[in-house]
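Peer 1: Take this structure first; my questions come after.
The values are calculated or read from the model by the stated rules, or taken from the named source; none is laboratory data. Just so it is clear, the model here is predicted, and its values are computed rather than measured. Quick reminder, even Gly has a Cβ in these numbers, built from the backbone with ideal geometry, and neighbours come from all protein chains shown.
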Amino acid sequence: MKYNSVFDIIGPVMVGPSSSHTAGAARIGLAARNIFGKQPKWAKIHLYGSFAKTYQGHGTDFALAGGLLGFNTDDTRMSSALALAKDSGLAIEFIEDSAKTDHPNTVRLIIGDDQDKLEIVGISIGGGKVEITELNGFELRLSGNHPAILIMHNDRFGAIASVTKILAKHEINIGHMEVNRKDVGKEALMVIEVDQNIEDAILLELEDADHIIQISKIVS
């Protein structure tokens, strides 16, 4: 494994006890909240592998709750996140799932409120690093280490070009991009990791592009 800095080895600044089970879980929870665009009112959290076996002792439970509340990994409120979630009206259910997964530190979060619902699958790969591997049934690979925009769009000619044209106009460089669809001509998901956080004004411009349904962003 190639390390770019010492922080890739020791993990991010965080509330402990574990970079994989605490910091990684917090980042997955925070990614889910960012994609959802608001604090959910309820969450059903399916834990797999080592997450399911040790989530209480290693702080995975409060870390996921903290992420859903919008806490970063170094937030001193993290260890109290379960109580704070209850106080804020966020009902969380943890489910120890025995289904087999490709990675031992896997979690499926189903979150929502009275109007909207979101489902993501994330894995904690060590040192506080994570990957989001599924969003509402779409397979993807999102590291969470860089700013990103997630664009739900109709699978039509010109949709991708209309988005990249706007990003190029604002001199926003694309670091990674992938497009996934469930069927030809149906809804598709565009995932774009970029080098800088996207301003809200640019998001509004993207929303008016051809064939775009919905946009959300992840900030670094």
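Peer 1: Could you check the stretch 1-109 for helices (runs of 4 or more DSSP H) lying wholly inside it with 3 or more residues that are closer than 22 Å to residue 148 by Cα and modelled with pLDDT of 90 or more?
Peer 2: In the stretch 1-109, the matching helices (runs of 4 or more DSSP H) lie at 24-36, 60-68.
Peer 1: Please go through the stretch 177-202 and give me each residue that is over 11 Å from residue 152 (Cα atoms) and over 18 Å from the mean Cα position of the chain (by Cα), ordered by number.
Peer 2: Passing the criteria: 182, 183, 184, 185, 199, 200, 201, 202.
Peer 1: Are any of the residues in the stretch 171-180 more than 25 Å from residue 199 (Cβ to Cβ) and outside the structural domain of residue 24 (by TED's automatic domain parsing)?
Peer 2: Yes: one or more hits.
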